[in-house]
Amino acid sequence: MSQPLLEIRNATKIYGGGFLQGGSKVVALENFSLTIPEKPATITTIAGESGSGKTTLANVVLGFVTLTSGQILFRGNDVSTLNRQQQMEYRRQVQAVFQDPYEVYNPFYRVRHIFDMVIGRFKLARNREEARDLIESALKVVGLRGEEVLEKYPHQLSGGQRQRMMVARAYLLKPSLIVADEPVSMVDASLRAMILDIMLRLRDEHNISFLYITHDLSTAYQIGNQIYILYQGAVAERGETSKVIEHPKHPYVQLLIDSIPVPDPREKWDTSISLPSEEEMRTSVNSGCRFYPRCPRRMGRCLYAQPALYSIDGVDHEAACFLYESTPGSQRIAESETSSVTQK
């Protein structure tokens with residue numbers, strides 16, 4: 001078996017509770033594990049509500065945030081132990097495209113500056129002609145031309161152009177992985193489709209994998225190979241994207257899918273939803289299932305023990321719910337406990 005491109009092992013990030021910070025702890029990410037293969041390139045989606053830990057995961061992979069515990073391995077090397085030269089190579093190989101196409105530019109510089117910085121920092125070209133060819137090649141991938149955009153200031157470009165420029169800047173370094181944090185949430189529908197298509201072409205034609213962070217399950221369904229759905233920092237369900245979205249098993253994921261309005265004016269969308277505090281179960285790593293206060297199928301044991309990820313189909317579809325414990329006996333017990341809670 002070939003070495004994975006990126007491997008995350010039991011990543012946990014806890015905020016608060018320190019000597020100087022005080023207050024209660026907040027578990028932003030708990031025991032998260034993920035493997036992205038070297039080949040073929042894939043798009044792995046991290047989905048969930050706001051506050052579920054998606055951006056914390058992105059920041060951890062990019063090196064902006066350190067883990068409380070766990071490991072991140074890039075091609076077998078622990079990124080926390082890399083020397084300076086290895087860190088530079090890691091930063092070249094793992095690039096980012098952020099959510100807001102307005103805040104990543106310095107308004108005092110022309111757009112060309114973002115490419116010049118990258119070329120100079122990583123010594124990609126020996127002269128101006130080589131640099132220009134590299135920039136033009138990168139812009140061509142995203143459907144732009146240098147003569148139209150490079151000499152303009154950021155405010156002179158549309159949001160879609162700015163976001164495509166950021167994809168081109170990432171592609172310029174020929175990375176192995178791009179962490180895309182909500183890259184289409186602030187552009188309109190037509191440009192959203194264009195950027196998603198660019199991601200697919202980079203995956204299929206240039207062997208670039210993506211860690212795609214989103215709250216939008218429709219775009220995840222369009223382009224994702226694998227999906228991890230987070231709830232309050234923990235994985236609720238994971239597996240092949242089409243399986244998870246078409247046949248959700250975790251009660252939270254089922255409610256999440258059911259909450260998407262049907263595009264039919266004759267179907268009334270029920271908006272009378274009452275939810276408890278989202279942070280109720282998040283202040284301790286050792287607490288039970290995070291979804292317990294909101295779960296329609298909760299059991300007594302869910303309050304005291306956090307379920308592992310149980311296999312659904314014996315292949316790659318897993319859900320963190322006691323309803324799917326492996327043995328037939330535990331399955332019957334789970335169903336019995338669930339029915340008794342429902343009757344109460």
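The values are calculated or read from the model by the stated rules, or taken from the named source; none is laboratory data. Predicted model, so just to flag it, every value in this text is computed and none were measured. Every residue, glycine among them, receives a Cβ derived from its backbone with ideal geometry; neighbour counts consider all protein chains shown.
Identification of helices (runs of 4 or more DSSP H) wholly contained in the range 126-216 with 3 or more residues that are charged (D, E, K, R) yields 128-141, 159-172, 189-206. H215 satisfies every condition listed in (1) in contact with a strand residue (DSSP E or B) (Cβ under 7 Å, 6 or more places away or on another chain); (2) buried (at least 22 other Cβ atoms within 10 Å of the Cβ); (3) not β-branched (V, I, T) except (2). Scan the range 132-148 for residues that are more than 16 Å from R201 (Cα to Cα) and either touching a Phe, Trp or Tyr at 6+ places or on another chain (Cβ under 8 Å) or at pLDDT 90 or above (or both) and the total you get is 5.
Scanning the range 192-219 for residues that are charged (D, E, K, R) and within 12 Å of the chain's Cα centre (by Cα) returns a single hit, D216.
Per-residue answers, yes or no, for (1) acidic (D, E); (2) over 30 Å from L309 (Cβ atoms); (3) at pLDDT 90 or above:
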| residue | (1), (2), (3) |
| --- | --- |
| M166 | no, yes, yes |
| L173 | no, yes, yes |
| V179 | no, no, yes |
| V184 | no, no, no |
| L200 | no, no, yes |
| D204 | yes, no, yes |
| S209 | no, no, yes |
| I213 | no, no, yes |
| L230 | no, no, yes |
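Within the set Q71, Q99, the sole residue that is modelled with pLDDT under 90, farther than 14 Å from S176 by Cβ, touching a Ser or Thr at 6+ places or on another chain (Cβ under 9 Å) and surrounded by 13 or more Cβ atoms within 10 Å (Cβ to Cβ) turns out to be Q99.
The criterion of at least 1 residues that are of a type in the set (K, R) is met by the following strands (runs of 3 or more DSSP E) wholly inside the range 1-116: 6-15.
Among the residues of the range 286-344, the one identified as of a type in the set (D, E), outside any loop (DSSP other than H, G, I, E, B) and modelled with pLDDT of 80 or more is E318.
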